[in-house]
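Structure first, commentary second.
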Amino acid sequence: QVQLVESGGGLVQAGGSLRLSCAASGRTFSSLAMGWFRQAPGKEREFVAGISRSGGNTDYADSVKGRFTISRDNAKNTVYLQMNSLKPEDTAVYYCAASVAGSWYKPRVYEYDYWGQGTQVTVSS
């Protein structure tokens with residue numbers, strides 16, 4: 001099993017920044033690809049960013065490329081999402097997820113085995 005604990009969500013004005021953190025426990029962190037997904041009210045959960053087991057590969061949704069950066073620190077069992085130049089349309093519940101199979105490139109929701117509880121990000125206009 002894997003337990004994921006998220007932090008860093010909150011309220012920010014458009015153009016501002018937030019950094020989300022996700023701490024993992026329960027199995028070897030470096031064996032897991034990690035991803036961030038988000039879900040706005042009335043919409044499907046969508047892929048935001050993914051990172052491979054060693055951190056050597058990353059992928060982003062087109063809507064966040066150039067603004068968001070995913071990274072991981074395997075020594076701390078933690079994955080991060082640095083969000084800059086935030087827009088109101090970024091408002092959503094953000095979920096950290098882990099893939100045993102190692103999916104990081106444009107993954108689908110079903111490819112992830114473990115999920116955090118979600119953290120709310122609200123961007124005011």
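The values are calculated or read from the model by the stated rules, or taken from the named source; none is laboratory data. Nothing here was measured: the structure is a model prediction, and the numbers come from that model. Neighbour counts are summed over all protein chains in view; Cβ atoms, including those assigned to glycine, are modelled from backbone coordinates with ideal geometry. Side chains included, ligands, DNA and RNA excluded: accessible areas come from the protein's heavy atoms. Shrake-Rupley method; radii C 1.70, N 1.55, O 1.52, S 1.80 Å.
Data overview
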item: Accessible surface, per residue, of the chain when the full set of protein chains is kept, probe 1.4 Å, Å²; result: 49
item: Scattering curve values for the range 33-82, log₁₀ I(q)/I(0), Debye with Cα scatterers, q = 0.18, 0.21, 0.26 Å⁻¹; result: -0.56, -0.72, -0.98
item: Candidates Ala101, Ala14, Ala75: whichever shows maximal mean-square fluctuation once the chain is modelled as a Gaussian network with Cα springs under 10 Å; result: Ala75
item: For the chain, size of Cβ-based charge dipole, Lys and Arg +1, Asp and Glu -1, in debye; result: 160
item: Anchor Lys65: lysines whose Cα lies under 16 Å away (excluding residues fewer than 8 positions away in-chain); result: Lys87, Lys106
item: Backbone HN-Hα couplings from phi across the range 114-119 [Karplus 6.51/-1.76/1.60, Hz, Gly and Pro as x]; result: 9, 9, x, 7, x, 9
item: Accessible surface of the chain [probe 1.4 Å, protein heavy atoms]: carbon and sulfur percent; result: 46
item: Rounded to 5, the percent of DSSP beta bridges in the range 43-125 classed as antiparallel; result: 100
item: Length gained when the stretch Gln39-Thr122 is fully extended (0.36 nm per residue, less Cα-Cα span); result: 28.7 nm
item: Cubic angstrom per residue, convex hull over Cα atoms of the range 68-125; result: 107
item: Rg to Rh quotient for the chain, alpha carbon positions, Kirkwood Rh; result: 0.94
item: Sequence-separation-based contact order of the range 1-56, relative, with Cα cut under 8 Å and 6+ spacing, percent; result: 28
item: Span per principal axis, largest first, for the Cα atoms of the range 1-64 (Å); result: 37, 25, 23
